[in-house]
Amino acid sequence: MNDLTDHDVVVLAGGAARRLGGADKPALSVGGRPLLDRVLAACPDAATTVVVGPARPTTRAVVHALEDPPGGGPLAALDAGLRHTTAPMVLVLSADLPFLTAATVRGLLAAATRTTDAAGPDGSSAPHDGAMLRDASGRDQPLVAAYRAEPLRRALARIRAARGGLAGLPLRALLAELVLERVPDPTATASFDCDTWEDISAARARIREHGNVLDEWITAVKAELGIELDVDTAALLDLARDAAHGVARPAAPLTTFLIGYAAGRQDRDVQELADRAAALAHRWAAEGASDAGGAAGAEAKPAE
């Protein structure tokens, strides 16, 4: 039996983006990466990844789907994507979430497996039908959510039968059919979406803030180079500082490059290599200090 944490993901990447003048919103760049790729990076463990909308290049393999009719709205797009999934849990995400993280995704999946407070017909607690983010203003975010696949399919089928189809219907029609856990997003970071050029500018500015820029840059470089590597940014910066101060300023970037090269070629642990290089830099600096002290002492010694 599949565990409910086995999941697929459906990313809704259609829409007219009228408030962006019709621009291809999922392809817009934030931090040097398309918005769509940033969303895909937050759900690396999905068994199947379905992108509903026009085909675009992506940094990982996806299944492309189109809603029927094209431009039929979010419920029609969700239905089209769901047809390509088989896992018991489905993440449903919009393609314009620049700050969605894997931690948020894991939190949604965990919340979706919890039981409700209400007892079922047999007296046992019933499972939720899923979980979605609720932003800082209290608004539900059904496109930042994890749903149990079967209740989601049944809900869509009920709506289709009652309304004669799914095209043009709002997402609130789906929410009325499901029992969902609300997961708070008090900082409105993971649920921040980009509907306007002002939103795009705000997202681009946020990643350049002092507390974010290095992590964002490292993540962007790894994505560009196609590598998966945990990087202890603080340790590497400490090493670069030691090399720059104890050897020479150009030693900092050269040393960190050599560590990366050695890690890749020899399949070595980056932290171990950084520790060894830092120890070498300290020995180098200590020798220099010792030699300088000896020379100073020799100059100060009176002639016999």
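The values are calculated or read from the model by the stated rules, or taken from the named source; none is laboratory data. These figures come from a predicted structure and were not determined experimentally. Every residue, glycine as well, gets a Cβ built from its backbone with ideal geometry; the counts of neighbours run over all protein chains shown. Each accessible area value is taken on the protein alone, full model and side chains, heavy atoms only, with ligands, DNA and RNA left out. Shrake-Rupley method; radii C 1.70, N 1.55, O 1.52, S 1.80 Å.
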- In whole Hz, the Karplus estimates of ³J(HN,Hα) for the stretch 258-263 (6.51, -1.76, 1.60; θ = phi - 60°; x where Gly or Pro) are 5, 5, x, 5, 5, 5
- Nearest 10 degrees, 0 to 90: helix 213-225 Cα axis against the chain principal axis: 80
- The extension gain from Thr101 to Glu228, computed as 0.36 nm times the residue separation minus the Cα-Cα distance, is 44.1 nm
- Message: I need the peptides 9-17, 22-30, 253-261 ranked by packing, meaning the mean over residues of other C-beta atoms within 10 angstrom, with the highest value on top.
- Response: 9-17, 22-30, 253-261
- Message: Order 145-152, 93-100 from most to least packed using the mean count of other Cβ atoms within 10 Å.
- Response: 93-100, 145-152
- Note on the structure: Length gained if Ala61 through Leu171 is fully extended, taking 0.36 nm per residue and subtracting the Cα-Cα distance, is 36.8 nm
- Over the chain, relative contact order from alpha-carbon pairs under 8 Å, at least 6 apart, %: 16
- Per residue, what volume in Å³ does the Cα convex hull of the stretch 55-117 take up? 136
- Under 13 Å from the Asp275 label point (7 Å along Cα→beta-carbon), backbone N, the stretch 219-242: none
- Message: Placing +1 on the Cβ of each Lys and Arg and -1 on the Cβ of each Asp and Glu in the stretch 157-296, which of Val179, Ala244, Ala263 has its Cα farthest towards the positive end of the resulting dipole?
- Response: Val179
- Tally up the carbon and sulfur contribution to the accessible surface of the stretch 9-84 as a whole percent, 1.4 Å probe, everything protein left in place. 54
- Calculated FRET efficiency, Ala47 and Thr189, Cβ-Cβ r, R0 25 Å, to nearest 0.05? 0.40
- Pull up all non-local amide H partners of Met89: gap of 5 or more, or a different chain, and H-to-H distance under 5 Å with H placed in the peptide plane. Asp8, Ala149
- Taking only DSSP H segments of four or more residues, each worth -39500 (n - 2.57), what value at 222 nm results for the chain once the sum is divided by all its residues, to the nearest 500 deg cm²/dmol? -13500 deg cm²/dmol
- Query: Quick one: Cα centre-to-centre distance for the stretch 175-211 and the stretch 9-78, in angstrom?
  - Reply: 16
- Task: With a Förster radius of 51 Å, plug the Cβ-Cβ distance of Asp24 and Ala286 into 1/(1 + (r/R0)^6) and report the FRET value to the nearest 0.05.
- Result: 0.35
- Sequence-distant residues sharing a close amide H with Val30 (under 5 Å, placed H): Leu35
- Give the long-range amide H neighbours of Val63: residues separated by 5 or more places, or on another chain, with amide H under 5 Å away, using H modelled in the peptide plane at 1.01 Å from N. Thr49, Val50, Val51
- Message: Out of the total accessible area of the stretch 143-209 (probe 1.4 Å, heavy atoms of protein only), what percent is carbon and sulfur?
- Response: 53
- Take peptides 262-268, 69-75, 239-245 and line them up by average Cβ neighbours within 10 Å, highest first, as a rough protection proxy. 239-245, 69-75, 262-268
- In sequence order, what are the phi-derived ³J(HN,Hα) couplings for the stretch 36-48 according to the Karplus relation 6.51 cos²θ - 1.76 cosθ + 1.60 with θ = phi - 60°, rounded to whole Hz, with x for glycine and proline? 4, 5, 5, 5, 4, 5, 7, 10, x, 9, 5, 5, 10
- Task: Quick one: compute a quarter of the convex hull surface over the Cα atoms of the stretch 78-232 and quote it in nm².
- Result: 12.2
- Expected unfolding gain across Arg114-Val179 under the 0.36 nm per residue rule, minus the alpha-carbon gap, is 22.3 nm
- Message: Just to confirm, what accessible area per residue do you get for the chain at 1.4 Å probe, in whole Å²?
- Response: 55
- Message: Using only Cα atoms and rounding to the nearest 10 degrees, what angle (0 to 90) does helix 197-206 make with the longest principal axis of the chain?
- Response: 40
- Query: Which ³J(HN,Hα) values in Hz, rounded to whole numbers, follow from the phi angles of the stretch 160-173 under the Karplus curve 6.51 cos²θ - 1.76 cosθ + 1.60, where θ = phi - 60° and Gly and Pro get x?
  - Reply: 4, 5, 6, 9, x, x, 10, 4, x, 7, x, 5, 4, 5
- Message: Can you give me the solvent accessible area of Trp197 with a 1.4 Å probe, rounded to the nearest 10 Å²?
- Response: 110
